[in-house]
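Q: Sending over a structure as structure tokens; questions will come in a sec.
The values are calculated or read from the model by the stated rules, or taken from the named source; none is laboratory data. Because the structure is a prediction, the values reported are computed rather than measured. Note that we place each Cβ from the backbone using ideal geometry, even for glycine, and neighbour counts take in every protein chain shown.
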Ligand code: BGC
């Protein structure tokens, strides 16, 4: 009975989340989301004894409101935790590490019983999380692993290696690299070097593509192949765009075709497409992405981006709420990955949600039919 009531509450919260978090693709206009330095201290939900949380305060620290996905993640987490009977202190750190550190310090001194953190930079939270540990406050690393601290209890993310692998395999299939003679011109862009996920996105894709680069079937004219050379600070669209403008003018302005761009995510893919639109006159290349942000799905529909990876943040949030509940009740969580994600102090037991391939042929089914977006969001 309790379970039924809880799942009914979660459905209501999920519906609210869809209306609020997923109904508006442009994060900067998302008026329902709290301001970057907002502290949510609403009264605990009156669960009538049905929800599992006992009104305890949970701190949720998100990296930024600048990218669409973190707004959705934050709103999903807040709605689902509240539906489960917790109070939520949700903060966004404007991609500024000292801001994130001080927001977490405030969560600790403000009485949070557990922290859910999507870090800006994986290596920068050791000192503040030591304080959490001393205060017996468990930490769940959300989406991005927090490195070199033993204060992290669990990690919940998507299968990040699989994300990169799917992007690489898409390129192999589309260019028919097994059979076609080539060579094809490839350029690469990945994300912030301080985000541990980049190792998996870049690594998963390069494990698929590197043999073709080595054999000369894929040619990277800029010579920028190593992770450090293709990184994008803060995953910023502007930074990816200026790097690509320089690449296009140096290597692809004389009629040479760029055949494919491996872009690790949508914010960087957007920068690539902006640069191509401004400066490139050859045949339009394949462009990969990740997140299914609204602007990128529009580009997929318009033929400017070839694919994206859909990461249903509603699933990640509900998994994290399960983890919170288990920790609060002192229960073990079964079925976690205990091999893949070592944060430098040992392997952190991880839950890996499944990333889903999205392109112009299936976006309606996976994004609209699932209620993630409405048709009008994508017009
Ligand atoms: C996330 C991606 C996202 C990127 C930029 C990564 O850690 O896993 O989904 O595109 O950060 O925000």
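Q: Taking the condition of being touching a helix residue (DSSP H, G or I) at 6+ places or on another chain (Cβ under 8 Å) and either within 16 Å of the ligand (Cβ to nearest atom) or assigned to a helix (DSSP H, G or I) (or both), how many residues in segment 248-291 meet it?
A: 25
Q: Restricting to segment 79-98, name every residue that is surrounded by 19 or more Cβ atoms within 10 Å (Cβ to Cβ) and farther than 15 Å from residue 115 by Cβ.
A: Correct list: 79, 80, 82, 83, 84, 85, 95.
Q: If residue 182 satisfies all but one of (1) away from the ligand (no atom under 16 Å from the Cβ); (2) on the phi < 0 side of the Ramachandran plot; (3) in a loop (DSSP other than H, G, I, E, B), what's the number of the condition it fails?
A: Result: residue 182 fails condition (2) only.
Q: What are the pairs with Cβ atoms under 7 angstrom where one residue, in segment 287-315, is without any contact (Cβ under 8 Å) to a residue 24 or more places away in the chain and the other, located anywhere, is within 14 Å of the ligand (Cβ to nearest atom)? Sequence gap at least six, or different chains.
A: Pairs that qualify, where the first residue is without any contact (Cβ under 8 Å) to a residue 24 or more places away in the chain and the partner is within 14 Å of the ligand (Cβ to nearest atom): there are none.
Q: Can you go through 189, 198 and tell me which one is more than 19 Å from residue 306 (Cβ to Cβ), crowded, with 21+ Cβ neighbours inside 10 Å and within 16 Å of the ligand (Cβ to nearest atom)?
A: 198
Q: Continuing with this model, one more query. Which one of 94, 102, 61 is over 25 Å from residue 371 (Cα atoms), within 16 Å of the ligand (Cβ to nearest atom), outside any loop (DSSP other than H, G, I, E, B) and at pLDDT 95 or above? Reasoning before the result, please.
A: Details: 94 fails: outside any loop (DSSP other than H, G, I, E, B); 102 fails: within 16 Å of the ligand (Cβ to nearest atom).
Going through 94, 102, 61 in turn, just one is over 25 Å from residue 371 (Cα atoms), within 16 Å of the ligand (Cβ to nearest atom), outside any loop (DSSP other than H, G, I, E, B) and at pLDDT 95 or above: 61.
Q: Residue pairs, Cβ under 7 Å, 6 or more apart or interchain, first in segment 183-199 and touching a residue at least 60 places away in the same chain (Cβ under 8 Å) and under 30 Å from residue 146 (Cβ atoms), second away from the ligand (no atom under 12 Å from the Cβ) and in a strand (DSSP E or B). List them.
A: Taking only residues 6 or more apart or on different chains, the pairs are 188/262; 189/261.
Q: Here's a follow-up. Considering only segment 292-306, how many residues are touching a strand residue (DSSP E or B) at 6+ places or on another chain (Cβ under 9 Å) and away from the ligand (no atom under 11 Å from the Cβ)?
A: Filtering segment 292-306 for residues touching a strand residue (DSSP E or B) at 6+ places or on another chain (Cβ under 9 Å) gives 292-293, 296-297, 299-300, 304-306.
In the following step, the residues that additionally are away from the ligand (no atom under 11 Å from the Cβ) were identified as 297, 299-300, 304-306.
The total comes to 6.
Q: Test of understanding: among 162, 145, which residue is part of a helix (DSSP H, G or I), within 13 Å of the ligand (Cβ to nearest atom) and at pLDDT 95 or above?
A: Sole residue among the options that is part of a helix (DSSP H, G or I), within 13 Å of the ligand (Cβ to nearest atom) and at pLDDT 95 or above: 162.
Q: With respect to residue 137, determine if the residue is assigned to a loop (DSSP other than H, G, I, E, B), surrounded by 23 or more Cβ atoms within 10 Å (Cβ to Cβ) and in contact with a strand residue (DSSP E or B) (Cβ under 7 Å, 6 or more places away or on another chain).
A: no
Q: Let me ask something else. Consider segment 332-353. How many of its residues are modelled with pLDDT of 95 or more and part of a loop (DSSP other than H, G, I, E, B)?
A: So the answer is 11.
Q: Also, quick follow-up: Give me a count of the residues in segment 114-127 that are more than 16 Å from the ligand (Cβ to nearest atom) and surrounded by fewer than 21 Cβ atoms within 10 Å (Cβ to Cβ).
A: Count: 2.
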